Amino acid sequence: MVTLDRISRIYSENRDTRPKYRRLYNVIAQCVESTAVGPGELIPSERELAEKLGISRVTIRKAFSQLFENGILDRKHGAGTFVSRRIEKSVSSVSSFSEDMAKNRLMPSSKVISVRHLQADAHLALIFGLASDGQVIEIQRVRLANGLAIAYEVVAVPEDVLPDPLSIGQSLYQDMAQVGLRPTSAVQRIRAANANKVQASMLDIHTNAAILHIERHGVIQSGRVVEYTNSYYRSDSYEFVTEVPV
């Protein structure tokens, strides 16, 4: 196992004189920070580490306990222990999911659940400035990073924004850019929430698990709103950051 060899090599080179559990904690944390072990990568089992490193499983459990507590590792019952997928997204700029994944060196993909033409209800008509019989396109999809479901999105756009919604690609923003209607700014509201049955099923988490609900209005240069999205993110995988001038 490549990951086991990496950890073993760095552990053997580490001259930390602190207790062995702390030495192992520092080695794994260093591997994660340097991306020698990447997000979502499987960590060797307690038995494998004990045999390779020559330390007790009690020591390994103690190191793992602190790694779990500090959000560096994540345990999935029946699957093993993995490097936590903490994906950073800036709220200071407008970027697509695919662009965010590229910045985090992850492979984005999407699973389209449905694409529908709908008559705008009063809420959407107000958002988009449509007549009472205005049409919108609703897209429901699950966004994945390296094959793991990260977000469930319900996107609504005016009909003219996507002339051929059945041919949407990996990035909706790229499709919108082709008709000159990619958002240049956005208003976002981020709330803590608990997953309902549908959201939990889409994200492969338990019902009532903590999630982040992001409501976004995407706006083009003229001030027209061209996108209304409700996204539901796994809170154990995503974090939002902002830059504040001082």
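Structural remarks
- Matching residues, region 117-136, being more than 19 Å from residue 230 (Cα to Cα) and touching a residue at least 24 places away in the same chain (Cβ under 8 Å): 130, 134
- The listed residue being over 15 Å from the mean Cα position of the chain (by Cα), in a helix (DSSP H, G or I) and crowded, with 17+ Cβ neighbours inside 10 Å, out of 63, 156: 63
- In region 66-104, residue modelled with the highest pLDDT [restricted to those that are among the acidic types (Asp, Glu), over 23 Å from residue 3 (Cα atoms) and surrounded by fewer than 18 Cβ atoms within 10 Å (Cβ to Cβ)]: 99
- For residue 182, the test of being buried (at least 20 other Cβ atoms within 10 Å of the Cβ), basic (Lys, Arg) and farther than 28 Å from residue 40 by Cα is passed.
- Criterion violated by residue 32 - all others in (1) touching a residue at least 40 places away in the same chain (Cβ under 8 Å); (2) in a loop (DSSP other than H, G, I, E, B) satisfied: (2)
The values are calculated or read from the model by the stated rules, or taken from the named source; none is laboratory data. Keep in mind that what you see is a predicted model, and the values were worked out from it rather than measured. Cβ atoms come from the backbone with ideal geometry, glycine included; neighbour counts cover every protein chain shown.
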